[in-house]
Each structure stands twice: as C-alpha cells, then as structure tokens.
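Structure first, commentary second.
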Amino acid sequence: MAGTVISSAVDHSAVVQASSSVRPTRWAWLLLPGTIFLVVLFIVPLAGLLLLSFGVPDWSLANYLRIGDSPAYFIVLRNTLEISLAVTALAFVLGYPIAYALTTGGAGLRTFLLIAVVLPYFTSVLARTFAWVVLLGRNGVVNEILLQLGLTSQPLALLYNRAGVIIGMTHIVMPLMILPMFTVMSGIDKKLLRAARANGASPLAAFLTVFLPLSLPGLIAGILLVFIYCLGFYITPALMGGVSDITITMEISSQVTEQLNWNFASALSVVLLVAVLAILWMGSRFFPIEQLLGFSSGEANSGTASNRQLGTQYLMRIGSAVNKLDRWLPSLGGRSVPILAGVLATLLLLPVLIVAYLSFSDSSYFVFPLPGYSLRNYENYLSDALWIRATFTSIRIALLAAGMATVLGSMLAFGLARGAIPGRGAMVALVLSPIIMPTIIVAVATYFLLAWWGLQGTELGLALGHTVHAIPYVVVIVVANVRNLNPAYERAARSLGAGPWATFRTIIAPLVMPALVVASFFAFLSSFDDVVYVLFLGIGRITTLPMRMWEGIRQDISPTIAAVATLQMTLALIIVVVGELLRRKKHS
Amino acid sequence: MLMRTQSRSSTIASETGGIALQNLQKRYGAFTAVDQVSLSVAPGEFISLLGPSGSGKTTTLMMIAGFEMPSSGKVLVDGKDITYLPPHRRELGVIFQNYALFPHMTTAENVAYPLRMRGMAKAEIETRVRRILDQVHLGALASRYPHQMSGGQQQRVAIARALVFDPPVLLLDEPLGALDRKLREHLRNEIKTLHKEVAKTMIYVTHDQDEALAMSDRVAVMHEGQIRQVSAPQDIYRRPEDLFVAGFVGEVNLVPVKLSSGSIVGPAGENLSAAQCPKGDGDATLCVRPENLHIETATREVSAGIKGHITGTTFVGDATIFELRTEAGLHLTSKVLNITQPKTLPAVGDACIATWHPQDATVLTK
Ligand SMILES: Nc1ncnc2c1ncn2[C@@H]1O[C@H](COP(=O)(O)OP(=O)(O)O)[C@@H](O)[C@H]1O
Ligand SMILES: [Mg+2]
C-alpha cells in the first residue's frame, strides 16, 4: 500500500524547505506526541527484537549460528532471494513500457494506463492474491480457457508452486515499480528528446542517450522498492507458494506462531531487516528515497550525479553505435510501445475485473464463464453472522486506527513542515520507516511488545499496530498539502486582527481539511485491508474481515470471498475517487 | 565578439542552406495552426518569423526541423524535398527555447553529442569540440553541467552544440526568451555577429519586434497561421502592407478615411495625403507613426492635416508624447524627440493641427 504515498508524490515533488541553521519554531512541539508514539510502538519493539535475537538476558549468537549452520535455512534464504530477484526483474521489464507510455502517450492512453495502475494498487493485496488463486487453480479460469481452446489436454499446475508465486507477486508489485519510474519520467523535459533528434540521433539513440539515463533514478528507486517489498512479502508467498517455496517471512511466521521460538524468529527478522537497510543505504547513494515519498531535501541530486556518470557513458557508446545502424534497422514504428503498454495494462487490470465478474455467479463454486448471474454470493455474505461480525470488527479497528493516525500524523506533518528542527532528515526517516520496513517484522516486534503489556489479542492493541503503519501515509499526504499553505495567509489573518485560535479556525483548518479527510480515508483503508498485523496481534482472538478471507482462501476458497473482495475493491475505488475529487476541488 | 572569423565556412556555407517552404499547412483537427505558408530563404540569409504568441511560428519551425509533419505542402532545402525526412537526418542546427541542454551531460559532452551520433572518431571529436568551445569562450567551462552555468553561458553551449557539426542552416526558437532584458540585448548582438561570421542561413523565431527588426535581413510577420508580409525591416516598419503588420510592429495612428477618385478624405472631410495609396474607391485606413505625426499650433494655416486639441502630454525621457483628440473624436498620438530644449511646445487644451509628410503615411484597404 505504499502506493498512496508514491502516487501523491507524483503531484507534489518538492515539499518543504529545510533550514538547518534556523532555530526550531513553536511548530516543532507538534512533533512530540507522534514521535513518542513511534518510539514506543516502533523503535522499542524493533530494539526488543534485536535483544531477543541475541537471547537476552543470556547474550549469545546461537540463533544466528543456527541460521548459518542449517542447510534448511540456507534454502529459505535462497528461495527468498531467487523469488525476489525474479519478481523484481519481471516487474521491471513489464513495468517499464507502461511507465514510458504513461509519460509519452496520448491523453486517452494515459488515462487508461493510470486507471490500470492505480486501481489494482488500492485493491487489497489479499483480494488480488485471491484473484490469482481463483485464476491459476487446477480448475481455475486460466486452465479452463486453455482447455477450451485445446491448448492443453489436462490442467496445468500453476498454483502452489514457484511459477504461481512469481506470477502473483509480480502482478501485485507492478504499481510499486511503475509509479516511481513514472514520477521521474514525467519530470523529464520532452524537448530534450527533440534536441537529441535535431542533433542527429535516431529515435532509438535519443531514447538510449537521453531519456534512459535521465529516467535512471526512477528505475533504481522502483527496483529497490520492489525488491525490498518482495523480501518482506508474506501474504502472497504464503497463499500461493508450494511446500518447497518457503520464504524467510513464512519461516518467521511459523517460528512465532507454531514453534513459539521467539528468539530464533527475532534473529531471522534481524537478518531480513539488515538486508533491507543495506539495500536502502545503497539505493540512497543513487537516489534520495525520501524524495520519492514526497519529501525533498534541499541538496537533492547534487551528490548523486557522479554515480550516474558511468552508466551514462556506456549508454552513450551504445547509442552512438545504434545510430550507425539506424538506416539498416527496421523502423520500430511509433505504435509498438503504446500497444504493448496497453496490452500489459489490460493484464494488470484483468484479474481484479475477473474476480468482480465471478462474484456475480449463481453457482456455488467457481465456473468460467458464468453459468448465470445472481447476487447469491452477496446474500451469503450478508446473511452469515460470522462475516458480518468480522466486518464490524474491522470497521471498529480501522476507525480507531485512522483516528489516531490522522491526529498524530497531521501533527507530525505540520511539525516537519514548519518546525525547522535540526536533524529533520532523521525525523523524516523515522516517520516513513514503518511503510518501508517489511510489515511482518514490525508486526512480529509489536506482537512481542503487546504480549508483554498484556494487550496482545485486543482490538486496541491491533489498532495501535495499524496506527504505526498508517502514520506515514497521513504525514505524506498532509505535508504535500501544507506546502500549498502559504504562511503569508496566516500573517495576513493575524494582521487583520485574528488571534492564533481564530487564525487556525478560519485559515488553516479550512485549507487543510480536504487533505486531512483524504489522509484519514487512506489510513482507514490501510487498516481495513491489513492481514499481517492481525495474524500476529490478533492471533486466535480477533477475526477481522481480511482475517476471515485469509482463512477462507487457505481452506475452501468459497465464492463468497469473491463478493467480499469485490466489496473491498469498491470501497477502495470510492476512496480513490473521493480523494481525487477533493484534490481537484481544492485546486480549482 | 562571439566568434573569430571562420574563413573556411564563410566561403562554403553561403552557397548552401537555401530553404523553400511551399504552401505549408498544419491542421490540428478543425484548427489550422499554419495556413498556406510559402517562403523562400536565400543561402546565408537571416530571416525572422515574427508574430504574437500562438501565431504558428514554432509550428512552422518544427515542420522545417522535422518534428511536426505538415498536413500539406513541402519543405525544400537546397532544392531537395525533405518534408518526410526524419529530423535526425536533416542536418539542420536547432536552438530550442530554454536551450534543451542535456542535464546529465557536461558542456563538452553536450557539444560532442551531435558528433558522436555521427560516429566521428574520438580524436576528431575532441579537437572539434575544443575548437568550437574556444570560439564561444567556453573553453574553461567544458566540464560544467548545465545547471552550474548562467543563462548566457547556457545559450553559448546551445549555439556551440548546434554549430559543431557545421549544418548549413540554424533554426532558433525564441532563444532569448528566458533571459532578462540587458542580457537579451547583449546576446542579440552576439547572434548577429555570429551570423556575419559563420554565414549560415538562420531562421529566427521571436515575438519581440525589436529583436526581429534589429537582427534580420528580412522579417516574416505571422498572424493566425499566415505570413502577412515578408520584407526588409525598414519596409516592414515604413511600408506595412497589412493592418495587422502596421499595428503589431511599432506604434501606429490609424485614421479611418474614404478613397474617392484619387483623393483621401479624412473623418471630418479633410483632404489628406499619403505616398503609398492603393487605387480604387471605398473605406480605408491611413497609417502614420507617432514620430511622423507633427503637431502645429493652430495659429499657422496648414493645407493638409487634422484639426484637434491636446488632451495630454507625457515625458518619457528621450521624447515627449502628445495625445490629441480630433474634431471627429479620434485619438492620435505624436512623439516628439527631446533633442534640444523645446521652445514652445503646446500644452494641454491647446488647439492644434496634426500633419505628416506624405511619404511617411500609408493607406491600407484591409
Ligand atoms: N499539438 C497541438 N495540438 C493542437 N493545437 C496545437 C498543437 N500545437 C500547437 N497548437 C496550436 O497551434 C497554434 C500555433 O502554435 P505555435 O506554433 O506554438 O505558436 P507560436 O510559436 O507562434 O506561439 C496555437 O494556437 C497552438 O495552440
Ligand atoms: Mg512558440
């Protein structure tokens, strides 16, 4: 769900003026509650994880040595790495044409592509995974079509193996790959391509020597985000993988919930965490990650130029060589990229649409195409007390989490935007970390902490966990908005006789309100769709809607889930549309 | 000051680089952005496309450069039809608005770009780049990135990049548009000097009339996609052939007149005179520039002129502007240079007669 953040960064690139020499303003006090909250519920748990991994109080390296010693864990690490690399590579190759066409295509194509990228993105991971389970199963839609076309005589094994995991994960991470690439690409001056052409470069050479090097930061950012996301991805591998495709997140989960070996689970989590941090650190040498998430630091891009130099040189050589071949190369035709992008985007959209379609089946199991239409799946959902209870539990928790996240997050946003504190970069990193760190690690760490407090298995405890995860979304959305809030308005109000409170009420609140509403919607959605936190923090005691879906997908894959998933997608769609309308209204 | 004389190219280049546009048209749906534009540019000529924003200048230039396909018509360079040749094979130098320097390349890399795209040997590229950078006085800034340079320096890089592969024609799209006024005037002279030295055909797009008049051999005035007049700068100013041209280039007084059997009748029945006057009868407009409109105090009897009285005077430094209102209610402007201490300039409320020399006035029927 980091897409909320990135897609809002598309429109608001530069945000806040950092001033290190200036003394903190009074706005800085607003940072206090959120910081305390994040320290207690994010930093402390992670520190606890670290201590547990060393077997505290009897300090030892035994848990780490165990990972190194056992070939079983080596295989787990290798699986994780292989799957992550494959998915990242695939998502890059499939995502680049879409991002490119999204930047250079005609208006109609761009709208379609944007919908195809954004819509699946705001659909919960669980719903999308469910779509793939339905599509790829033995009697799934894909096999059904292949059989009917006579392309295969018996169903192919597409699910519960490596291929299934890779297909499902790739689909789910595509938007995460595309959006950063698109952000950077849309910042490239199209006139530069013309300049290259005027200077003798063929279309392909112009692309290689100008567009590609300039889009490189976006590519690196996309690749890194996706790779990190894959390393810490739990839901899809757990639901779609086979017995031989255990990844590190699945191992962590099993150590916590089945083996009850917290120390060893902690060691595994720390390994994953260190890997993620190392990748982030390497990535930040090429591209300021926080900038991608909507924060700009004043000196962005200055230190990174030399690192890109090398790649540029190679591309220059290739471009120059390609140019010589230009007259002999077949004309690539300006249409091939838009067509390719259109096809890929359709594939991106299709699983989601097929689930919606299947939800209207009148059969009690999945048949494709539908034998007839009915609302029976929806009726089953509405008449099942367990589903309804789970829904209300989810709503209660999401409201609680969204409330806390909106209050704390918007205070943090104002503090970061106006506070002029020293060490602002570290603050930004702290605030954004919960969505960059693998959710499962944060969830496991929080689980240990809440267990210690006796809050584990309570709705409040779960909401607290969700709040940590939702705060970054709120901060990014509100910070982008505060940028538009010129301090001169407030000074004008003060000069016209408004006191501080009246200024807040008459100037700040109305101007920021749309952003707060949008932010709280997305906070709500991020809690409402979550299943990873519930698996640990609610363990055995709380059943949210996603939790019931999760169990349903693992056990019987009942068509009722299709109805629930469709409703969930509709909710996401409504939130995206309302958010967009509010944004437009503000700009008009 | 920009270039040392390039004896080699000044003799060769002036024989190539002739451009002909034949009935060029560009439509976007129902909208015609460029409408039947025909224009011949001689080798080595400096011609400006002058017109207000949206008049189709950039579109015309981009059709020459090959970035827009004409809906109909042809583009010829030295007699060769290049209408459908892709831009990278046209061998035309283009200087874009805001320069379009590649931000990820240094000055030297930017300038080397066209040579690398032509597969030139490394050593040759280096010598050529060094030579041209010295010529534009950028030798010391070879390893700077565009964002580390001032607007004027960036412009020189753009010029060097467009010239380094020795194209016979340079196309410039408002190259001074983004600069402040002082720098504009300075660079205007540099480009003019450059033109003399490299002797390349230059097609220069601008919406700034001063720029067009000061730099060009000829000016093509564009309006609503059409070329309204192509003439030397003096003729554009002194002998506009079109009301739009008269109004767009410089200030002008427009007097509605009637033509009848060879005489020009003013709004209050005055008998007026103009050297350029079309034949025929009917409604027309007489154009006279403020600096050519003289004010006589009404004490003296003048044969041809328009009676009125002064409604305002404005001191603008080098000149004084008089506004007058004629008996027929027309507002006219006269500009009098403050060459010497004025003796008896009219004051507000004085009755006066506005006169001009016939050769300074033009009558247009359009
Ligand atoms: N791609 C396009 N689609 C539709 N109209 C365009 C397009 N490009 C330019 N135009 C229109 O063509 C007219 C001429 O544009 P342009 O050549 O850029 O004018 P100028 O350079 O003289 O300001 C303008 O009205 C502009 O809106
Ligand atoms: Mg233009």
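Within the straight-line cut-off of under 21 Å between alpha carbons, the lysines reachable from B:Lys335 are B:Lys307, B:Lys343, sequence neighbours fewer than 8 places apart in one chain being disregarded. In this label model, B:Val316 and A:Tyr365 are separated by 9.0 nm, measuring between points 7 Å along each Cα→Cβ vector.
For A:Ala426 and A:Trp453, compute 0.36 nm times the residue count separating them, minus their Cα-Cα distance, and round to one decimal in nm.
Details: separation 27, 0.36 × 27 = 9.72 nm, distance 2.83 nm.
My answer for the length gained is 6.9 nm.
Per DSSP helix of 4 or more residues, -39500 (n - 2.57); summed, then divided by the residues of chain A. What does that give at 222 nm, rounded to the nearest 500? Walk me through the intermediate numbers first.
On the way: 29 runs with 424 residues, N = 588.
So the helix-based figure for chain A works out to -23500 deg cm²/dmol.
Distance distribution P(r), region B:8-238, all Cα-Cα pairs, bin width 10 angstrom from 0: 8, 33, 37, 19, 3, 0 percent. Between B:Lys80 and B:Glu224, the simple spin-label model (points 7 angstrom out along Cα→Cβ) gives 3.8 nm.
Across region B:94-184, C-alpha contacts under 8 Å between residues 6 or more apart give a mean separation that, scaled by the residue count, equals a relative contact order of 50 percent. Its relative contact order, with pairs defined as Cα atoms under 8 Å and 6+ residues apart, puts chain B at 17 percent.
Just by accessible area at a 1.4 angstrom probe, what is the order of B:Met69, A:Met547 from largest to smallest?
Details: B:Met69 80, A:Met547 20 Å².
These residues rank, largest area first, as B:Met69, A:Met547.
Across region B:165-277, how many lysine pairs separated by 8 or more positions, or lying on different chains, have Cα atoms within less than 29 Å? Could you put the intermediate results ahead of the total?
Details: B:Lys182/B:Lys192; B:Lys182/B:Lys196; B:Lys182/B:Lys200; B:Lys192/B:Lys200.
Number of lysine pairs found: 4.
In this structure B:Leu213 has an accessible area near 40 Å², from a 1.4 Å probe over the protein heavy atoms.
Measuring nothing but how far apart in sequence close Cα pairs (under 8 Å, 6+ apart) lie, relative to its length, chain A scores a relative contact order of 25 percent.
Normalised by 2.2 N^0.38 Å, where N is the number of residues, the C-alpha radius of gyration of region B:253-364 stands at 1.06.
Suppose accessible area is computed on protein heavy atoms with a 1.4 Å probe; arrange A:Thr104, B:Thr285, B:Thr60 from highest to lowest. All intermediate terms of the calculation are to be shown ahead of the outcome.
Values: A:Thr104 60, B:Thr285 30, B:Thr60 0 Å².
In descending accessible area the options line up as A:Thr104, B:Thr285, B:Thr60.
Using a 1.4 Å probe on the protein heavy atoms, what percent of the accessible area of chain B belongs to carbon and sulfur? Here it works out to 50 percent. In the full protein context, the protein assembly as shown carries 43 Å² of accessible surface per residue, based on a 1.4 Å probe and ignoring ligands, DNA and RNA.
Which of the lysines could be linked to A:Lys190 by a straight reach, that is with a Cα gap under 27 Å, when you skip same-chain ones fewer than 8 residues away? Within the straight-line cut-off, A:Lys190 pairs with A:Lys324, B:Lys26, B:Lys57, B:Lys74. Taking every residue in B:95-105 and counting other chain Cβ atoms within 10 Å of its Cβ, the average works out to 6. According to the calculation over all Cα-Cα pairs in the protein assembly as shown, the P(r) per 10 Å bin from zero is 2, 10, 15, 17, 15, 14, 11, 7, 4, 3, 1, 0 %. For the pair A:Leu50 and A:Ser70, what calculated FRET efficiency results from E = 1/(1 + (r/R0)^6), where r is the Cβ-Cβ distance and R0 = 25 Å, to the nearest 0.05? Calculated value: 0.70.
Would you mind working out the magnitude of the charge dipole of region B:253-364 relative to its Cα centre, with +1 at each Lys and Arg C-beta and -1 at each Asp and Glu C-beta, to the nearest 20 Debye?
That gives a dipole near 40 debye.
Note on chain B: helix-only mean residue ellipticity at 222 nm, from DSSP H runs of 4+ residues weighted -39500 (n - 2.57) and normalised by residue number, equals -7000 deg cm²/dmol. The A:Leu32 and A:Trp501 beta-carbon pair, evaluated with R₀ = 22 Å, returns a calculated FRET efficiency of approximately 0.65. Once all protein chains are placed together, B:Lys258 keeps about 120 Å² accessible to a 1.4 angstrom probe. Interface residues of region B:161-176, defined as those losing at least 20 Å² of solvent-accessible heavy-atom surface relative to the isolated chain (probe radius 1.4 Å), are listed as B:Arg161.
Once the C-beta distance of B:Ser38 and B:Thr365 is scaled by a Förster radius of 25 Å, the resulting FRET efficiency is 0.65 to the nearest 0.05. Here's the picture: charge each Lys and Arg Cβ at +1 and each Asp and Glu Cβ at -1 in region A:2-587, and of A:Val274, A:Ala385, A:Phe54 the one pushed furthest to the positive end of that dipole is A:Val274.
If you sort A:Leu485, A:Leu204 by accessible surface, 1.4 Å probe, largest first, the order is A:Leu204, A:Leu485. Across the accessible surface of region A:2-587, with the other protein chains kept in place and a 1.4 Å probe, carbon and sulfur atoms take up 67 percent. Computed from protein heavy atoms with a 1.4 Å probe, the total accessible area buried between B and A is close to 2500 Å².
The values are calculated or read from the model by the stated rules, or taken from the named source; none is laboratory data. Note that the coordinates shown come from a computational prediction; the quantities given were computed from them, not determined experimentally. Using ideal geometry, Cβ is built from the backbone for each residue, glycine included, and neighbour counts are taken over all protein chains shown. Accessible surface areas use protein heavy atoms only, side chains included; no ligands, DNA or RNA. Shrake-Rupley method; radii C 1.70, N 1.55, O 1.52, S 1.80 Å.
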